[in-house]
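Reviewing the structure listed below.
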Amino acid sequence: MRLFRDEAPSKKQAVDRLRLILVHDRAKVSTGLLEQLREEIINAITKYVEIEEDEIEIELNTTETKAELVANIPVVRVRRAIE
């Protein structure tokens, strides 16, 4: 019997979705736009590096005068040539 288990994928997905909704509320950006931005970032950087897509964290923080895009993207390896 295992007392400590890895976090269930569905739980992680639910947490990620909740985080996305909170970012949306704070930044006043639609969830769809933030998700599209995430997908485009993934498409752009995977030409050059292999990443852990499930571990990506993207936030859009705003103040009264500016917005800040913060991305935590775990890189597995750098591609030597465009594949």
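Bear in mind these aren't lab numbers, they're just calculated from the coordinates by the rules spelled out. Not measured: the values here are computed from a predicted model. Neighbour counts are summed over all protein chains in view; Cβ atoms, including those assigned to glycine, are modelled from backbone coordinates with ideal geometry.
How many nm separate the modelled label positions at Val78 and Ile21, each set 7 Å beyond the Cα in the direction of the Cβ?
4.0
Between Glu64 and Lys47, with labels modelled 7 Å along Cα→Cβ, what's the label distance in nm to one decimal, could you check?
4.0
Quick one: compute the contact order of the stretch 10-78, relative version, from alpha carbon pairs under 8 angstrom and 6+ residues apart, as a percent. Write out the running numbers ahead of the final one.
Numbers: 64 pairs, mean separation 20.1, N = 69.
Over the stretch 10-78, the number comes to 29 percent.
Cβ under 11 Å from Val76's Cβ, Val76 left aside: what net charge do those residues give with Lys, Arg +1 and Asp, Glu -1?
-2
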